[in-house]
Amino acid sequence: MAIRVTMKISLAPISYCWSKADVEQFYQQVASSSIDTVYLGETVCSRRRELKFADYLAIAHTLKAHGKQVVLSTMALVEAQSELNELKRAVNNGDFSIEANDMAGVYYAHQAKVPFVCGPTINNYNRASLDLLYQKGMYRFVMPCELSQQWLQAVLDTGSEPQYEIEVLGHGYMPLAHSARCFTAKHYQLPKDKCQTICQRHSKGLLAQTQESQPLLRLNGIQTQSAAQVDLIKQIPQMINMGVDYWRISPNKLADISLGDALARLLNKVLEDDKKSLQNELTQFAQSNDHLSHCNGYWLGHPGMNYTEHVNHLINQ
Amino acid sequence: MELLCPAGNLASLKAALNAGADAVYLGLKDDTNARSFAGLNFTAPQLAHATTLAHSQGRKVFLTLNTFPKPGQEQRWYQAVDLAAQLNMDALIVADLSLLSYAHQHYPHLPLHLSVQASATNLGALSFYKEAFNIERAVLPRVLSIKQVKDLAKVSPVQLEVFAFGSLCIMAEGRCHLSSYVTGQSPNTGGSCSPANHVRWQDSGTDKLTRLNNVLIDKAEANQQLGYPVVCKGRYVAQYDQDAKYLLESPTSLNTLSLLPALAQAGIASLKIEGRQRSPAYVSQVTQVWRSAIDTYLASPSSFTEQPQWSQALAKVSEGQITTLGAYERQWQ
């Protein structure tokens with residue numbers, strides 16, 4: 001029986017400090033991909049000025065012209081007045097909705113009546129909080145990284161169907177923490193305010209391993225990421241059944257666009273196909289992408305760093 | 001300027017009151033607060049007793065409800081709010097939106113303090129909570145420099161409380177998943193950072209090791225000290241490097257005695273001492289020092305100097321016995 005799959009692929013903002021040329025090349029490729037939704041902007045550090053707001057806006061318009069749904073992402077940790085001003089500028093861009101990653105983003109978007117997505121660093125831990133933010137103008141939320149499938153199901157089981165969309169990070173290094181301290185600058189013994197944006201040296205963050213050579217963290221300026229990439233490809237059918245609307249990729253290389261493109265094509269194709277073939281095709285997909293250090297612990301209700309290889313999901317009820 | 005001290009149990013509460021705390025904060029014996037350790041915290045009758053005791057001495061008592069209600073289990077958090085209202089407690093320390101909303105709607109006269117776990121670091125975030133829930137006060141995360149604290153205090157629509165002393169959390173609090181990445185439990189979800197049942201102290205004969213859910217956090221020679229294993233204070237090896245270093249932070253704790261005049265001049269309403277998980281002796285020692293420091297400052301603001309015996313006394317109870325100004329000091333950032 002033909003089924004209708006409405007889940008779409010989204011691309012999180014680049015969380016690293018890349019050169020302007022690299023960022024522009026990246027989004028040129030995104031423009032010609034089948035990826036539906038693109039989040040765009042600097043979310044980690046206001047010292048990164050390779051691209052200015054106007055540059056992001058220009059990219060946003062190009063992507064929109066290619067049929068993409070574009071959302072302007074804003075900073076996760078907002079401290080200085082200059083950062084608040086930049087945030088307000090993003091909110092008042094006039095064309096695009098925003099991803100709020102700090103409650104200040106929620107506040108200004110609500111004031112300006114700009115619809116917003118709550119990013120993964122807004123503390124949404126229960127249904128009543130989500131409903132409250134919906135009242136303020138939230139139309140979608142990205143599930144905080146540390147929450148699980150069981151948590152999401154419990155949220156969905158509370159009351160009627162939510163009026164807002166659900167997005168889950170399915171692939172990429174997870175943002176685990178943000179600090180006032182820049183760990184990359186500290187590593188190079190540079191003061192934060194003379195950091196020379198040294199983080200540009202590490203296009204996917206600086207790997208930190210334990211003294212037993214266990215990869216643990218990635219230092220990305222003031223942000224700390226997981227050393228392992230979350231990999232929830234096998235869980236896509238389960239998420240479709242639950243009603244997850246967006247499967248998010250947090251990119252760290254050009255190949256992530258290919259992954260997003262392939263998955264988007266596959267999901268579009270399933271409109272004419274059945275779920276069993278989706279499951280089969282995804283299984284192959286997951287296996288062919290399974291050689292790196294991956295994790296899926298949070299989704300399964302385990303420590304986030306864990307990876308469980310064989311997860312059996314009921315395909316359909 | 002209020003001196004706000006931690007109470008993990010009745011003995012600590014009495015220690016804080018005897019040593020001159022203006023107010024104490026405490027939590028219930030469950031996962032409604034982020035210091036959910038075995039043997040800590042208060043049952044409902046103990047909470048009633050603690051509140052009566054503090055009020056009889058003219059001191060204030062705040063209930064810490066700084067975790068996030070789990071879907072389907074919200075009642076436990078709502079009941080805690082009801083209890084605090086019944087006991088006439090002086091404020092609730094809350095981070096979750098739904099809980100702020102519940103308290104604001106049901107008990108509009110019960111003051112709400114925005115917990116540090118809500119991670120509000122700027123005017124926009126503070127305005128949001130003020131307008132939505134009429135919060136009276138916000139606790140600032142330990143990520144702001146002293147200049148940023150001063151700037152924020154000038155425009156803040158609510159009273160500000162800052163951490164003055166204790167364990168140094170270096171991340172934007174309430175939004176840190178390092179503990180759950182390794183153990184499955186975070187302050188937000190499980191009620192504690194680095195839960196004790198995941199901690200192992202090992203001694204190989206030549207080396208001492210600390211582990212968190214089997215992950216090696218730190219290693220030292222037998223004669224060196226090791227801190228309690230939290231992910232942000234471990235020694236790791238950076239890519240392209242050979243040696244293990246404290247890549248995030250070393251086991252230090254926060255001590256802002258030298259900033260007391262600056263904090264007072266900025267109009268900070270309350271100085272918070274961290275450590276509900278610490279002993280009554282710690283609470284007593286730290287409270288005494290800070291009481292003395294605040295009184296000395298207030299008696300003669302212009303001639304205030306940090307007295308060596310204060311820092312010596314505090315150093316004895318500090319983690320790693322090293323103290324820092326943390327993010328308050330621009331250089332640290």
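Here are the numbers:
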read-out: Only one of B:Tyr240, B:Tyr236, B:Tyr328 that is on the phi > 0 side of the Ramachandran plot and either among the basic types (Lys, Arg) or within 14 Å of chain A (Cβ to nearest Cβ) (or both); value: B:Tyr240
read-out: Cβ-Cβ under 6 Å pairs, at least 6 apart or on other chains, the range A:5-26 side small (Gly, Ala, Ser), far side buried (at least 21 other Cβ atoms within 10 Å of the Cβ) and in a loop (DSSP other than H, G, I, E, B); value: A:Ala12/A:Ser250; A:Ser15/A:Val44
read-out: Members of the range B:44-74 that are within 14 Å of another protein chain (Cβ to nearest Cβ) and over 23 Å from the mean Cα position of the chain (by Cα); value: B:Pro71, B:Gly72, B:Gln73, B:Glu74
read-out: Test for B:Lys208: is it farther than 17 Å from A:Gly304 by Cα and either assigned to a loop (DSSP other than H, G, I, E, B) or within 11 Å of chain A (Cβ to nearest Cβ) (or both); value: no
read-out: Selection from the range A:185-214 of residues that are within 11 Å of chain B (Cβ to nearest Cβ) and touching a Cys at 6+ places or on another chain (Cβ under 7 Å); value: A:Ala185, A:Lys192, A:Cys195
read-out: Helices (runs of 4 or more DSSP H) fully within the range B:237-333 counting 1 or more residues that are aliphatic (A, V, I, L, M) and over 24 Å from B:Thr121 (Cβ atoms); value: B:280-299, B:308-316
read-out: Whichever residue in the range A:134-184 is within 7 Å of another protein chain (Cβ to nearest Cβ) and farther than 30 Å from B:Ala238 by Cβ and, among such residues, is surrounded by the most Cβ atoms within 10 Å (Cβ to Cβ); value: A:Val155
read-out: Candidate set: the range A:73-117, residues that are touching a residue at least 60 places away in the same chain (Cβ under 8 Å) and in contact with a Gly (Cβ under 6 Å, 6 or more places away or on another chain); chosen: the one surrounded by the most Cβ atoms within 10 Å (Cβ to Cβ); value: A:Glu99
read-out: Scan of the range B:178-200 for residues that are over 17 Å from B:Asp31 (Cβ atoms) and at the interface with another protein chain (Cβ under 7 Å from one of its Cβ atoms), ordered by number; value: B:Leu178, B:Tyr181, B:Val182
read-out: Some residue of the range B:18-35 being among the hydroxyl-bearing types (Ser, Thr, Tyr), within 27 Å of A:Asn124 (Cα to Cα) and either touching a Leu at 6+ places or on another chain (Cβ under 9 Å) or not in a helix (DSSP H, G or I) (or both); value: yes
read-out: Residue check, B:Asn88 more than 11 Å from chain A (Cβ to nearest Cβ) and either surrounded by fewer than 24 Cβ atoms within 10 Å (Cβ to Cβ) or over 14 Å from the mean Cα position of the chain (by Cα) (or both); value: yes
read-out: Identity of the residue in the range B:119-133, more than 7 Å from every other protein chain (Cβ to nearest Cβ) and of a type outside the set (Phe, Trp, Tyr), that ends up nearest to B:Ser145 (Cα to Cα); value: B:Ser119
read-out: Whichever residue in the range A:219-235 is of a type in the set (A, V, I, L, M, F, W, C) and out of contact with any Phe, Trp or Tyr (no Cβ under 6 Å at 6 or more places or on another chain) and, among such residues, is farthest from A:Glu281 (Cα to Cα); value: A:Ile222
read-out: Contacts under 7 angstrom Cβ, first residue in the range B:205-217 being crowded, with 21+ Cβ neighbours inside 10 Å, partner of a type in the set (Gly, Ala, Ser), 6 or more apart; value: B:Leu212/B:Ser194; B:Ile217/B:Gly234
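Laboratory data are not the source of any read-out in this text; all were calculated from the coordinates shown. As the structure is a computational prediction, the values presented were derived from the model and not from experiment. FYI the Cβ positions are ideal-geometry reconstructions off the backbone, even for glycines, and counts take in every protein chain you see.
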